[in-house]
Structures are given as structure tokens and as C-alpha cells.
1. Restricting to the stretch 98-119, and then to whatever is without any contact (Cβ under 8 Å) to a residue 40 or more places away in the chain and surrounded by fewer than 19 Cβ atoms within 10 Å (Cβ to Cβ), can you tell me which residue is farthest from Ala43 (Cα to Cα)?
2. Go through (1) in contact with a Phe, Trp or Tyr (Cβ under 7 Å, 6 or more places away or on another chain); (2) within 15 Å of the ligand (Cβ to nearest atom) for Ser183 and report which single condition fails.
3. Would you confirm, using the coordinates I've provided, whether Thr245 is away from the ligand (no atom under 13 Å from the Cβ) and in the same structural domain as Pro119 (by TED's automatic domain parsing)?
4. Return the only residue of Gly189, Gly204, Gly220 being crowded, with 24+ Cβ neighbours inside 10 Å, within 16 Å of the ligand (Cβ to nearest atom) and among the small types (Gly, Ala, Ser).
5. Scan the stretch 233-240 and tell me whether some residue there is closer than 19 Å to Asp283 by Cα, touching a helix residue (DSSP H, G or I) at 6+ places or on another chain (Cβ under 7 Å) and not in a loop (DSSP other than H, G, I, E, B).
6. Mind checking which pairs have a first residue in the stretch 24-38 that is closer than 19 Å to Thr75 by Cα and a second that is more than 6 Å from the ligand (Cβ to nearest atom) and in a strand (DSSP E or B), Cβ under 6 Å, 6 or more apart or different chains?
7. Would you pick out the residues in the stretch 140-169 that are assigned to a loop (DSSP other than H, G, I, E, B), hydroxyl-bearing (Ser, Thr, Tyr) and out of contact with any helix residue (DSSP H, G or I) (no Cβ under 8 Å at 6 or more places or on another chain)?
8. Looking at Asp81, Asp33, Asp102, which is the one that is charged (D, E, K, R), within 17 Å of the chain's Cα centre (by Cα) and outside the structural domain of Ala197 (by TED's automatic domain parsing)?
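The values are calculated or read from the model by the stated rules, or taken from the named source; none is laboratory data. Values in this document were obtained by computation on a predicted structure and should not be read as measured data. Methodologically, a virtual Cβ is constructed for each residue, glycine included, from the backbone with ideal geometry; neighbour enumeration extends over all protein chains shown.
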Amino acid sequence: MPDIATYAAPRSLEQAVELLRSGAVTILAGGTDLMVQAQAGKAKFNPTLMNIRRIPELSGIVESGGVVRIGALTTVTDLLDSALIRQRFSALWQACDQFASDQIRNAATIGGNICNASPAGDTLVPLLVLDARVVLAGKPNGSVTRRTLPLAEFLLGPGRTARKPTELLEAVEIPVPPAGFVSAFFKFGTRPALDVAVIAISLGAVRNGRTLTGVRVGFGAVAPTPIRAPATEAILEGCTLDDATIAAAAAAAASEVHPISDVRASDWYRRELIGNMLRRMLDHVGNG
Ligand SMILES: Cc1cc2nc3c(=O)[nH]c(=O)nc-3n(C[C@H](O)[C@H](O)[C@H](O)COP(=O)(O)OP(=O)(O)OC[C@H]3O[C@@H](n4cnc5c(N)ncnc54)[C@H](O)[C@@H]3O)c2cc1C
């Protein structure tokens, strides 16, 4: 087991960022990634292990001023139980519905999913499509300061983010979408439950009949980070979802991703899935 000199469980955000400022700290939230990685020898603990679960500022789902703020400690179960998330952000709700098992959902936090930065992290693709921003708190000069970054700029690669070692992810913010906005998420794994995504797709757009505007398409598990799909979005923007448009979007999607082959699937199979599953999602959204 790891060589941890100090265990800390701060009771405020200020105490937590003060600890981060004063030395090398490993942050523990639900532990569903961290403990598994530590057991496998893939995560190295710093001298201080900081359990952040007693920090009240990191909890809650609140809508205010055109933004929904989701505290970093919000669990996947909390998101599933939230009427606000289900009504406003169905792609995120659907991702939570396909996430692991009840036991893992009860412990796994949205902050941990984001900071773990897996290319296949289930909440990340819908969050990208929903234009989410992360709020990072630190204490560089004696008082707590915050910076906000688009999620797309925060995720740098597998397990790599723009978070400084002295910063804590405090929350994720999602702008309230306009009237008529619809969103969806689909994950394909090699078995129906408890599986890492072979590919994931999310779509967000304002739907007027069969016409989509403000189209955002995101893919997971096909690049070092979850990605947006600009060529696919351009084909769909302002167009009626007829057979020709859907076929063109599916073809663009399959050609604009460059996945790797690994134990779960070949690059060819992933591209096929991306095209076929996007087609299915667009049929579904079009028939609304
Ligand atoms: C059996 C099993 C099934 C799983 N299934 C899925 C699945 O279907 N989909 C999926 O996406 N994931 C899955 N996971 C992975 C995992 O459950 C998620 O990534 C989860 O959201 C991680 O959250 P956590 O709170 O447990 O994070 P932790 O394990 O506590 O932390 C993860 C990482 O984030 C850092 N961190 C956590 N919170 C913060 C914060 N607020 N600020 C800064 N850094 C922070 C930690 O230091 C650590 O590096 C599964 C894991 C297991 C064990």
C-alpha cells in the first residue's frame, strides 16, 4: 500500500486549498478510480492524502443566473436523482444512467470523473456538448481565488488536465440551453453493464420539427480526450434530418475520428460504430 505520511479531511474549501498550497497532496473523492489505480500500482500517492468529502462548498446542484452549477462532489446517483438534470440536460442524465453499477454510482463523483480525464469517461462527452466549464479554486496569495476554463481546454490527454497541483476542482458549470434544446447520449460497450465505453456519442441541438440548429456533436473513446466533431456539426447545422443528411453526417463522423486499436476494439470497428450509432441517434432525435 502507499506510503502516506498524513491523512487530512478538511471541512472547508479554504482549508483544502491551504493544504494544497503547503505541500504535495493526493486528492481523494469517491476513490473509485484512485483506489483501483493505487492497487494496480498505476497511481502514486503524495505524502498527504486529502479526503475532500466533508467540504460543503463542493456539493449541490443549483440553477442561478442562466447557469447550472454542479458541485464537484455530486455523485452519479445525485445526478440521476436530480429533476433539473433530467429535464435540462438529458444527455448527461442518460450518461449517468449507463454508468457502472448502483454501488459505483453512489460513490463516483462528477469531479473525479472529470479529473481522472479518461478518454472514455462517461460524463465528459455530454459535458463537452453542453459547453460545460470547470471552476478551479486555489490560494496563491493568501486568499481563495477561482478561475474558470472550458472543459475542452481542461482535458489535455489520458489522465492529464490543466489543473495545477495547488488547485481543487470546485464545480462544473453548464449554461442553461435555449428553448427547444434537445440532447442525447449513447455508449457502446462489449457488454451491457459495468463496461468501459468502446465508443460514446453525444448530440445537442435546438430542434424545430426535423431541423437542427446550434448543433454540437461529441465523441468519446476515439481520441486521447473526448472531442467535438466540427465536420459532422457543419453538415447537420440548419438542415432537415432527412435520409441524405443523416447519411452524410454519419459518413463525416466516421471519417473525422482517428481512434486507436486496443484490447476492446480495432480502429476500423470504432469508426464503423461511430457512423452507425450516430445514424441511429439522428433517426431517433428526428422522430422526436
Ligand atoms: C467497477 C468500476 C466501474 C466503473 N464504471 C465507470 C463507467 O461506467 N463510466 C465511467 O465514466 N467511469 C467508470 N468508472 C470510473 C470511476 O468510477 C469514475 O471515473 C468516477 O467518476 C471517479 O470519481 P471518484 O469520486 O471516485 O474519483 P476518485 O477516484 O476519488 O478520484 C479520481 C481522480 O480525480 C482526482 N480528483 C477527484 N476529485 C477531485 C477534485 N474535486 N479536484 C481535483 N482532483 C480531484 C483524484 O485525485 C484522482 O486523481 C468505474 C470504476 C469502477 C471501479
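1. Filtering first and then ranking leaves Asp102.
2. If we test Ser183 against (1) in contact with a Phe, Trp or Tyr (Cβ under 7 Å, 6 or more places away or on another chain); (2) within 15 Å of the ligand (Cβ to nearest atom), just (2) comes out false.
3. Values: away from the ligand (no atom under 13 Å from the Cβ): yes; in the same structural domain as Pro119 (by TED's automatic domain parsing): no.
No.
4. Details: Gly189 fails: crowded, with 24+ Cβ neighbours inside 10 Å; Gly204 fails: within 16 Å of the ligand (Cβ to nearest atom).
When all the criteria are applied, what remains is Gly220.
5. At the first step, the residues of the stretch 233-240 found to be closer than 19 Å to Asp283 by Cα are 233-240.
Pick out the ones that are also touching a helix residue (DSSP H, G or I) at 6+ places or on another chain (Cβ under 7 Å) and you get 235-236, 239.
Next cut, not in a loop (DSSP other than H, G, I, E, B) only: 235-236.
Yes, the conditions are met somewhere in the stretch 233-240.
6. Matching pairs, first to second residue: Ile27/Met50; Leu28/Leu49; Leu28/Asn51.
7. Residues of the stretch 140-169 that are assigned to a loop (DSSP other than H, G, I, E, B), as a first pass: 140-144, 158-159, 162-167.
With hydroxyl-bearing (Ser, Thr, Tyr) added as a condition, the list becomes 143, 166.
Listed by number, the list holds a single entry, Ser143.
8. On the way: Asp81 fails: within 17 Å of the chain's Cα centre (by Cα); Asp102 fails: within 17 Å of the chain's Cα centre (by Cα).
The conditions single out Asp33.
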